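Pasting a structure here, questions to come.
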Amino acid sequence: MSEIVFQTSIKFDLNKSNFNSIIKAVKVPKFNGPNKYLDAHNWIKKNIEGPYYFNSYQNLVYHTGKEGEEKSLEENFPDCIKLLFNKYSYDSIDNNFFKSSYRPYILVKSSSQDFIQALELDITHDYKKGNVILIEDHAVTFRRVRAKDAYYREEIYIPRDRKNFFQLEQLRSKKLIHENALVFQKYSNNKNRSHIDFIDPRSFQNYESTRSKPLWSFIRNMLDYFNSIGIEAYQYNGIFNKKNTQNYNVDLSTLEFEILDKRMNKAEDFPAKLITNTSKANSKLILLDYTKDGIENIGKKDKYPEYKKDFKISHVLNVNSNNSDSSDYFNYNITADDLVPKIEIIKTQLFLKEILFGSRSTSYLPLLEKARSFKYIYKNVILEFKNDEIEIQPLLESDELDILLGAYVDFVGFNVKSIPKDRAFLINTNTNTLIMISPLKKKFLYPDKTNDFLIREEDRNINEWKIEGKEEFNQYLDNNLGESFSFEDLLKHKTQIYEILNIKKSTSLQKIYNIPGKKKGLGLHQGIWFDKENMEYFSGLKHAMNIKQSKSHKLRRIDVLSGVFDEEKFFSLMNVDFIRSSGSPILPYPFGLINIFLSEREI
């Protein structure tokens with residue numbers, strides 16, 4: 001199965017471009033101290049009118065004004081393009097854009113008069129692919145405050161109306177507007193992280209309030225803008241093939257563990273029939289009924305760190321689903337049905353920890369001979385299969401460090417002292433094979449569903465909905481619906497219609513009228529997909545989309561630093577069900593073992 005997959009990335013053909021606008025660059029004074037970037041931006045805002053891009057490494061600000069040295073698009077590709085992204089966002093009259101002088105924002109939804117959710121866009125250069133720009137989005141929330149209460153290190157925005165935002169200069173709000181004027185400012189912290197679903201196909205309104213729709217609009221508008229100023233630009237895409245899956249699992253029939261009830265409130269019985277409690281087993285399942293925040297809110301000590309030290313192999317099950325801020329926090333109910341999937345995940349975790357920490361042989365793992373072919377380097381540690389055990393040690397203490405650093409320096413083209421922790425490596429010194437896997441600052445996009453929703457919500461004359469030979473159905477339409485209505489209006493009567501037409505699902509009704517389904521084009525949600533030409537892949541979920549997709553699947557690139565890439569071996573090590581409960585892991589499964597190890601032990 002193959003799909004053309006569009007992405008949040010734009011490719012430029014400068015040979016076919018005829019860009020005549022003038023871009024200038026000005027040297028920015030060098031600032032020191034903890035606020036040096038803030039000070040630099042404030043200097044720019046004072047001396048440069050309109051949109052700009054600040055290259056902090058070169059200490060140059062790019063802009064379209066009169067001052068400075070002229071820069072060509074070809075010789076300064078990423079910097080000039082980043083400036084043009086900001087200029088388009090700044091100059092746009094589209095209500096979906098913030099007026100920001102140095103960073104694009106897309107307005108997504110307003111949850112109230114005081115809070116607005118938006119996407120903050122980072123524009124980066126994919127230098128290994130030439131003239132390609134990646135667009136990474138981050139959910140942010142803006143809160144309405146009085147100007148006098150605004151945090152001085154964050155930019156403020158003042159609305160002309162509910163959807164048009166105009167930027168005011170940092171740190172100068174009191175000079176520009178009255179201190180009691182209402183402004184908007186970014187509002188995010190660890191407790192109040194912004195979240196915007198990736199896609200929600202339940203309705204057009206839901207779809208418009210997710211990331212997918214505004215990202216499609218932004219990229220299309222950007223392409224129109226670049227083409228209008230003489231720059232040839234295209235949305236990046238790849239041909240992805242779905243990898244055949246034969247998912248492997250681990251056999252938990254030999255697993256034994258002891259249940260330790262460490263709950264604060266033991267009045268609520270735990271349904272012990274769900275699991276077998278094996279006394280004195282090495283592995284422990286620790287029952288708790290609080291989170292760290294929850295227990296600290298009532299002034300008591302979290303004892304979980306002590307339990308973890310006492311037992312070599314353990315896992316926690318928190319049976320309290322109440323909000324940690326609740327005044328009645330420990331008054332909770334335990335539902336057996338809710339615990340079943342959690343317990344299955346915990347059993348698998350205990351099983352893998354037994355293998356990792358030497359109390360169970362690696363022979364219990366599937367695809368072991370393939371897994372033994374490599375050493376696995378991730379997050380500054382190296383994992384190796386040795387005999388019947390797994391050995392994990394710090395990368396700095398391994399013989400492979402010099403090999404890895406040398407190959408990475410050759411790849412990036414400049415000297416580095418360390419390797420980014422988000423890079424994963426497979427190494428086989430016998431065959432001189434070194435494979436690097438890197439997360440990319442872009443995401444794939446499902447096909448735009450705007451037209452699908454318009455078709456479903458388009459009013460048609462009643463005669464277009466009538467079905468030849470179905471008199472009872474046609475009579476029902478005459479009696480219960482108006483002269484014109486939409487397919488969505490028709491579905492409001494589905495109980496009666498399904499019975500009359502002897503159908504059971506909306507898909508049957510969609511086929512009769514050739515109406516696109518809400519989940520049409522969302523097949524990329526499932527399975528592992530690989531673009532062989534560009535050596536990029538992403539790992540979806542096990543089951544079809546139920547209601548919505550909360551997060552996008554991250555795209556990763558495979559780079560062969562030496563040797564040959566074995567596609568079959570690589571993806572077979574991802575066809576397992578015991579690392580990621582919702583689907584295949586995002587990396588070959590030994591990397592998942594590294595994550596489990598690091599969550600349990602400090603190294």
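The values are calculated or read from the model by the stated rules, or taken from the named source; none is laboratory data. Computed from a predicted model, the values in this text were never measured in an experiment. Every residue, glycine among them, receives a Cβ derived from its backbone with ideal geometry; neighbour counts consider all protein chains shown. Side chains included, ligands, DNA and RNA excluded: accessible areas come from the protein's heavy atoms. Shrake-Rupley method; radii C 1.70, N 1.55, O 1.52, S 1.80 Å.
FRET efficiency for Ser373 and Asn35, Cβ-Cβ distance as r, R0 = 45 Å, nearest 0.05?
0.35
Probe 1.4 Å, all protein chains in place: accessible area of Met535 in Å², nearest 10?
The accessible area of Met535 comes to roughly 40 Å².
Mind listing the phi-derived Karplus ³J(HN,Hα) values for the stretch 416-433, rounded to whole Hz, using 6.51, -1.76 and 1.60 with θ = phi - 60°, and x for any glycine or proline?
Result, rounded to whole Hz: 9, 8, 8, 9, x, 5, 7, 7, 10, 10, 10, 10, 10, 6, 5, 9, 6, 9.
Under the rule a/c < 1.5 gives rounded, and otherwise a/b versus b/c splits prolate from oblate, where does the stretch 1-119 land using the Cα gyration tensor?
oblate
Determine the shape class of the stretch 215-315: with a ≥ b ≥ c the square roots of the Cα gyration tensor eigenvalues, call it rounded for a/c under 1.5, and otherwise prolate if a/b is greater than b/c, oblate otherwise.
Prolate.
Output the relative contact order of the chain, whole-number percent, from Cα pairs under 8 angstrom with separation of 6+ residues.
13
Once the dipole of the stretch 322-438 is set up with Lys and Arg at +1 and Asp and Glu at -1 on Cβ about the Cα centre, which of Leu426, Leu396, Gly406 lies farthest towards its positive end?
Gly406
Calculate what fraction, in whole %, of the accessible area of the stretch 399-550 sits on carbon and sulfur atoms when a 1.4 Å probe is rolled over the protein chains.
Carbon and sulfur atoms account for 45 percent of the accessible area of the stretch 399-550.
Can you put Asp402, Asp137 in order of accessible area, largest first, using a 1.4 Å probe?
The residues order as Asp402, Asp137, largest area first.
Now, a different point. Keeping every protein chain present and rolling a 1.4 Å probe, give me the accessible area per residue for the chain in Å².
51
Please give me the summed charge of the neighbours of Lys386: other residues whose Cβ is under 13 Å from its Cβ, Lys and Arg +1, Asp and Glu -1.
Around Lys386, the charge tally is -2.
Amide H of Val381: which non-local residues (sequence gap of 5 or more, or other chain) have their own amide H closer than 5 Å, using H built in the peptide plane?
Amide H to amide H, under 5 Å and 5 or more residues apart or across chains, Val381 pairs with Leu395.
Across 5 Å bins from the origin, how do the percents of Cα pairs in the stretch 431-574 run, short distances first?
Taking all Cα pairs of the stretch 431-574, the binned fractions are 2, 7, 14, 15, 11, 9, 8, 7, 7, 6, 5, 4, 2, 1, 0, 0 percent.
Taking R0 as 22 Å, what FRET efficiency do you get between Val316 and Glu391 from their Cβ-Cβ distance, rounded to the nearest 0.05?
Given R0 = 22 Å and the Cβ-Cβ separation, E is 0.25.
Can you pull the semi-axes for the chain, root of five times each eigenvalue of the Cα gyration tensor, sorted largest first, whole Å?
The answer is 42, 38, 29 Å, longest axis first.
If you place +1 on the Cβ of every Lys and Arg, -1 on the Cβ of every Asp and Glu, and leave all else neutral, what size is the dipole of the stretch 238-332 about its Cα centre, to the nearest 20 Debye?
Computed about the Cα centre, the dipole is about 400 debye.
Mind grabbing the accessible area of Lys494 for me, 1.4 Å probe, Å², rounded to tens?
Ignoring ligands and nucleic acids, Lys494 comes out at about 100 Å².
Among Leu134, Gly540, Asn42, whose Cα projects farthest towards the positive end of the dipole of the chain, with charges put on the beta-carbon of Lys, Arg (+1) and Asp, Glu (-1)?
Result: Asn42.
Where does the chain land at 222 nm, in deg cm²/dmol rounded to the nearest 500, when only DSSP H runs of n ≥ 4 count, each adding -39500 (n - 2.57), divided by all residues?
-8000 deg cm²/dmol
Which percent of the accessible heavy-atom area of the stretch 258-344 goes to carbon and sulfur, probe 1.4 angstrom?
Taking all protein chains in place, the stretch 258-344 shows 44 percent carbon and sulfur surface.
Using protein chains only and a probe of 1.4 angstrom, how many square angstrom of Ser253 are accessible, to the nearest 10?
The value for Ser253 is about 90 Å².
Grab the beta carbon distance between Tyr513 and Asp399, set R0 = 56 Å, and tell me the FRET efficiency rounded to 0.05.
For Tyr513 and Asp399, the calculated efficiency is 0.25.
Next question. Amide H of Ile528 versus every other amide H placed in the peptide plane: which residues, excluding those fewer than 5 positions away on the same chain, fall under 5 Å?
Lys243, Gly540
Which semi-axis lengths, in whole Å and largest first, follow from the square roots of five times the eigenvalues of the Cα gyration tensor of the stretch 329-391?
Working through the eigenvalues yields semi-axes of 33, 14, 10 Å.
List the residues, sorted by chain then number, that are 5 or more residues from Asp261 or on another chain and whose placed amide H is less than 5 Å from its amide H.
Long-range HN contacts for Asp261: Leu287.
Would you mind computing, in nm to one decimal, how far apart the modelled labels at Arg460 and Thr429 are, each placed 7 Å from Cα along Cα→Cβ?
Result: 6.9 nm between the two label points.
From the convex hull of the Cα coordinates of the stretch 382-461, what is the mean projected area in square nanometres?
10.6
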